[in-house]
Amino acid sequence: MQQLQTYYYNQGNAVRKEANPYAQPYRPVRVLPTREQREREKREDAIRRQKITDRKRAAALRKNRLLTGYMIVAVMLTCVMLVGYVTLQTNVTTRMSRIADLENELSTLNADNSAAESRIATTTNLTDIKDKAINDLGMVYATSGQIVYYSVDGSDYMSQYQDIP
């Protein structure tokens, strides 16, 4: 360990005198690096920076690969969902067109049925039916004792347990 010595020089009466009045106080000497040392430090610093850059680049590459994998999975899931959606839309459209066809068929059958009923109603003569029933079949009008009245208790439907013959 070096000892730091200081020298004082004071002017005036009763002053201590130093042995060497021009002596400089001790300062540690700073050694400047040589050119080779500076170049070697620059190379080592460049190599260290390159290693840090390589490590960061490798980490970023791993991260990019992971993110790329996630993106591929996300795109595939999106495609599967879109294909499913298009399939459902196609099914709905097909069923709606089938329903429209069936409704057209129903309206056609209802029109045919109405035309047949009106044709039957116009061709049937009720007086001919009445004459045939009274004269040929011997039917008569019901008397007041044969007529039975009943009241409905609010239920206007019936349950059918068998087919009507």
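The values are calculated or read from the model by the stated rules, or taken from the named source; none is laboratory data. Fair warning: this is a prediction, and the values are worked out from it, not measured in the lab. Every residue, glycine as well, gets a Cβ built from its backbone with ideal geometry; the counts of neighbours run over all protein chains shown. Side chains are part of the model used for accessible areas, which takes the heavy atoms of the whole protein and leaves out ligands, DNA and RNA. Shrake-Rupley method; radii C 1.70, N 1.55, O 1.52, S 1.80 Å.
Values computed for the structure shown
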read-out	value
Set L77, L67: member being without any contact (Cβ under 8 Å) to a residue 60 or more places away in the chain, part of a helix (DSSP H, G or I) and either open to solvent by 100 Å² or more (accessible area, probe 1.4 Å) or of a type in the set (D, E, K, R) (or both)	L77
Long-range neighbours under 9 Å by Cβ, at least six apart or interchain, first residue modelled with pLDDT under 90 within the stretch 34-47, second open to solvent by less than 100 Å² (accessible area, probe 1.4 Å) and of a type in the set (A, V, I, L, M)	none
Residue among Y141, Y85 that alone is out of contact with any helix residue (DSSP H, G or I) (no Cβ under 8 Å at 6 or more places or on another chain), open to solvent by 100 Å² or more (accessible area, probe 1.4 Å) and modelled with pLDDT under 90	Y141
Meets criteria (at pLDDT below 90 and open to solvent by 100 Å² or more (accessible area, probe 1.4 Å)) for L126	yes
